[in-house]
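**Q** Following this message is one structure expressed as structure tokens.
What follows is calculated from the coordinates using simple rules that are stated; it is not laboratory data. Nothing here was measured: the structure is a model prediction, and the numbers come from that model. Note that we place each Cβ from the backbone using ideal geometry, even for glycine, and neighbour counts take in every protein chain shown.
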Amino acid sequence: MIEVRIHGRGGQGNVVAAYLLATAAFETGRNCQAFPSFGAERRGAPVTAFVRIADRPIGRRCQVAEPAFLVVQDAGLLAIPATIDGLKPKGGIVVNSPRASAEIEGETGHPVLALPASQLAADILGKPVPNVALLSAFLAITGLLPAESLVGALKRRFKGDILARNIKLVETVTAMVPAASWGGMAHA
């Protein structure tokens with residue numbers, strides 16, 4: 001079972017990201033769970049969402065305490081120690097940041113893929129919502145699921161021009177990321 005924790009702020013699409021990732025897993029015939037955890041429901045408040053992906057039924061029903069991967073939609077949250085608490089020793093972090101991956105990696109002690117997801121989304125979608133860009137990067141670098149499964153999940157949620165722009169975002173980010181270079185990390 002692969003467990004992923006998504007950290008961000010209200011309005012960044014954290015819950016949608018979790019549901020898209022789980023739907024992408026479902027598209028490939030995998031078992032999955034996705035659920036959020038948040039306090040005050042307001043734009044800008046910290047939001048955490050959880051995803052589990054497995055080849056067999058998932059019996060666990062608690063929050064993800066020891067994820068293999070983190071997807072961090074607001075790099076400022078990395079300054080809060082609880083954000084990376086429980087991340088497996090060889091776990092990876094995909095973060096929305098224009099900073100160099102190696103710089104953030106030195107601060108966290110974990111492998112990091114940083115990309116300017118908000119800027120990419122603003123350029124392609126017209127809105128700086130980083131979730132689809134980060135999921136695309138996550139799937140590309142881990143090789144966990146094919147990009148086509150994310151496109152399938154997007155097709156279940158969006159139509160028309162919004163869908164077309166999201167697909168372009170997936171293709172753009174997938175081409176930017178080193179394919180499956182974190183392939184063995186999920187089980188390390």
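**Q** Region 1-100: which GluC sites (Glu not before Pro) are DSSP loop and have at most 15 other beta-carbon atoms within 10 angstrom?
**A** E41
**Q** Sticking with this structure for a sec: Peptides 66-73, 133-140: what's the order by average Cβ count within 10 Å, highest mean first?
**A** 133-140, 66-73
**Q** Go through region 124-139 residue by residue and turn each phi into a ³J(HN,Hα) via Karplus (6.51, -1.76, 1.60, θ = phi - 60°); whole Hz please, and just put x for glycine and proline.
**A** 9, 8, x, 9, x, 8, x, 4, 5, 4, 5, 5, 4, 5, 4, 5
**Q** I would also like to ask the following. Given labels modelled 7 Å from the Cα in the Cβ direction, how far is it in nm from N31 to D55?
**A** Label-label distance for N31 and D55, simple model: 1.3 nm.
**Q** Between K155 and K90, what is 0.36 nm times their sequence separation minus the Cα-Cα distance? Round to one decimal in nm.
**A** 20.1 nm
**Q** Between E107 and C62, what is 0.36 nm times their sequence separation minus the Cα-Cα distance? Round to one decimal in nm.
**A** 13.3 nm
**Q** Lys and Arg at +1, Asp and Glu at -1: add these up for the other residues within a Cβ distance under 9 Å of N31 and post the number.
**A** Spelling it out: positives minus negatives among the neighbours equals +2.
**Q** When DSSP assigns beta bridges and you keep just the ones with both residues in the chain, what percent turn out antiparallel, to the nearest 5?
**A** 55
**Q** Count the net charge of all other residues whose Cβ sits under 14 Å from the Cβ of M1, scoring Lys and Arg as +1 and Asp and Glu as -1.
**A** +4
**Q** Under the rule of at least 5 residues apart or a separate chain, name every residue whose amide H is placed under 5 Å from the amide H of I93.
**A** L70, V112, L113
**Q** Shifting gears a bit: Per residue, how much space in cubic angstrom lies within the convex hull of the C-alpha atoms of the chain?
**A** So the per-residue hull volume is 107 Å³.
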